[in-house]
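The values are calculated or read from the model by the stated rules, or taken from the named source; none is laboratory data. These numbers come from a predicted model, not from an experiment. Note that we place each Cβ from the backbone using ideal geometry, even for glycine, and neighbour counts take in every protein chain shown. Ligands, DNA and RNA are stripped out before the accessible areas are found, and what is left, the full protein with its side chains, is counted by its heavy atoms. Shrake-Rupley method; radii C 1.70, N 1.55, O 1.52, S 1.80 Å.
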Amino acid sequence: MSAGSAAAIANGKAIYTQNCLTCHQADGAGVQNMNPPLIKTTYVLGDKTRLIKIVLNGFNEDVEINGETYSNAMPSFAHLTNQQIADVLTYVRNNFGNKAATVTVADVNKIRPVK
């Protein structure tokens, strides 16, 4: 892991603790039938663009993961900077048993260009 990735994961953990932990829990397991798990799901490990859009726009539809339906709405976290979004998603994609490519600021900038 590069120093940049290690720093992104450390920053991402702090952002997760402040913004995500209440719903997705410290272990990323979520809350049954309410908040989906972040552990080895296609949402987390799959398309980075879709994941970035969920953080920016929120998510307000039922989602089925591993045979369970989750229905709690997720608010938008568009108040986070593009760097914070990249860091928290890199953290989520590389914790809770997940191993996936980092999310870079450039990835987020493609979805939400910096003004």
Looking only at the range 29-47, count every residue that is surrounded by fewer than 20 Cβ atoms within 10 Å (Cβ to Cβ) and under 15 Å from Asn72 (Cα atoms) and tell me the total. 6
Would you please name the residue that is least open to solvent (accessible area, probe 1.4 Å), looking only at residues in the range 1-28 that are in contact (Cβ under 8 Å) with a residue 24 or more places away in the chain and farther than 17 Å from Asp87 by Cα? Cys23
